[in-house]
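The values are calculated or read from the model by the stated rules, or taken from the named source; none is laboratory data. Everything numeric in this text was worked out from a predicted model, so none of it was measured. For neighbour counting, all protein chains shown are included, and Cβ atoms are generated from backbone atoms with ideal geometry for every residue, glycine included.
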Amino acid sequence: MKTPISLDALDLAQYIRPGDGIVFGQGMGEPLGLTAKLVEQRASYSGAQLFLGTGFSRTFSPEHADHLRFKGIGGIGTLRKLASAGALDPVPCHISAVASLLAGGQIPCDVLLLSVSPPNARGEYSFGLVNDYVQAALARARVVIAEINPAVPWSHCDRLLRAEDFTVAVHSDIAPLELPTAAFGELEQRIAQHLAPHIPERATLQVGIGAVPEAILASLADRRGMGIHSGMIGDSVIDLIESGAVDNAHKGIDPGVTITGVLFGTQRLYRYAHENRAIRLCQTGYTHHMATLLNVRNLVSINSALEVDLTGQVNAEAIGAQHIGAVGGQVDFVRASVQTGGVSIIALAATGRHGESKITAQLAGPVTTARSDVDLIATEYGVARLRGRSLRERVKALTAIAAPEHRDALLQAARATWSDL
């Protein structure tokens, strides 16, 4: 790597060719200076294809599809705008599969854009906020462009970076994105209360994004001996650590260390993770791989969904053609939780914003998690334990936790298949 240059001096056309595949850190790991340049100079490499994970910036708009092509895991966050406009072509895949798709070239990566911390005294840079599938992209890329940002924490990772890993680097003082803890209210707290008896002391937690998972985490402050092994963590994990609920002492692996792939939070989390050996960011080959998860004790996975049908099929991706979510890591952790004798939780409100039932007779979108993998489904009306239950038993259990005003219609629809209900 040559001496870092200023963002203003960066001409991406020197490094990006028309039609190149471009990958960058998802979510809070988006290198905002570089992606702004990418959009600004896009006519110089028309036809370049971007792979997008989760997105929370305002960088990309449908009009940028005049020269750029967008693929990605789904319409999470601000990427919903691209998906709704038809500018984002979703790639249905588990987040754990992205690294192998990069390695095999199914997801092309000619150019990798990274947001990294300044180096430590040994000249080692940190991935900072996101270290999930970017290592696989790093191994594949022809060009690696690093945005070195003093506002990015020097987090402990399972691999560190050196200057020779970068083709070119730029300095930036643009504050990284932040994702505040999702607000939750009485409804979400009711769901959490129903689930409290199912989350034991010394559980190892994996948690997804959303108000319901946040309410569940908030309800666990009085527990002890808990651990974290997750694809992502937010600020609420600090609350559990500071309350004494999480000490990572009983996970079976990585004693004393919170394991995650990404930091999706605010400056509070970034400051906490800076040079903190008690938090380690690892690639998805470790965080999500079954070989790792089988060694985790008392694994409890906590995820949400868009809808669940009466047999237990879970849709976390799309309603019709509207891609709202993604497969993500849900299936990896659901399967691991059940196989290790832990608990898998899919939690959602019983109704949507327009009063429609989210417990449905038939899904309006794809099956993300198969009914054969599902364990607990929870709404504000209770918990349905589906593991080992027959289809008729599932219909009855799920109808019982649907909103009361929808239960008769759900049973009537089910009787078209099971007349004896």
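Points worth noting:
- Pairing each residue of segment 113-133 that is closer than 23 Å to residue 39 by Cβ with any residue that is of a type in the set (D, E, K, R), provided the two are 6+ apart or on different chains, yields C-beta distances under 6 Å for 115/147.
- Among the residues here, residue 164 qualifies as modelled with pLDDT of 95 or more and within 25 Å of residue 51 (Cβ to Cβ).
- Inside segment 352-408, residues that are part of a helix (DSSP H, G or I) and farther than 25 Å from residue 318 by Cβ make up a count of 9.
- Taken over segment 215-231, the residue count meeting the criterion of being touching a residue at least 40 places away in the same chain (Cβ under 8 Å) and out of contact with any His (no Cβ under 8 Å at 6 or more places or on another chain) is 4.
- Qualifying residue in segment 95-112 (condition: over 20 Å from the mean Cα position of the chain (by Cα) and among the hydroxyl-bearing types (Ser, Thr, Tyr)): no
- Residue count, segment 327-363 (criterion: of a type outside the set (Asp, Glu), more than 12 Å from residue 403 (Cβ to Cβ) and surrounded by 15 or more Cβ atoms within 10 Å (Cβ to Cβ)): 20
- Test set (1) over 26 Å from residue 213 (Cα atoms); (2) more than 32 Å from the chain's Cα centre (by Cα) - residue 390 fails condition number: (2)
- Residues in segment 37-57 that are surrounded by fewer than 18 Cβ atoms within 10 Å (Cβ to Cβ) and touching a residue at least 60 places away in the same chain (Cβ under 8 Å): 56, 57.
- Scanning segment 232-285 for residues that are among the basic types (Lys, Arg) and under 12 Å from residue 130 (Cα atoms) gives a single hit, 280.
- For segment 293-333, the tally of residues that are basic (Lys, Arg) and under 27 Å from residue 70 (Cα atoms) stands at 0.
- Counting only helices (runs of 4 or more DSSP H) that sit completely within segment 177-261, those holding 2 or more residues that are hydroxyl-bearing (Ser, Thr, Tyr) correspond to 236-243.
- Given (1) assigned to a helix (DSSP H, G or I); (2) within 19 Å of the chain's Cα centre (by Cα), index of the condition residue 89 fails: (1)
- Filtering segment 58-75 to residues that are crowded, with 23+ Cβ neighbours inside 10 Å and closer than 28 Å to residue 370 by Cβ leaves 72, 73, 74, 75.
- In segment 262-273, residue nearest to residue 295 (Cα to Cα) [restricted to those that are out of contact with any helix residue (DSSP H, G or I) (no Cβ under 6 Å at 6 or more places or on another chain) and assigned to a loop (DSSP other than H, G, I, E, B)]: 265
- Filter result (in a helix (DSSP H, G or I) and either of a type in the set (D, E, K, R) or not assigned by TED's automatic domain parsing to the domain that holds residue 158 (or both)) within segment 92-146: 140
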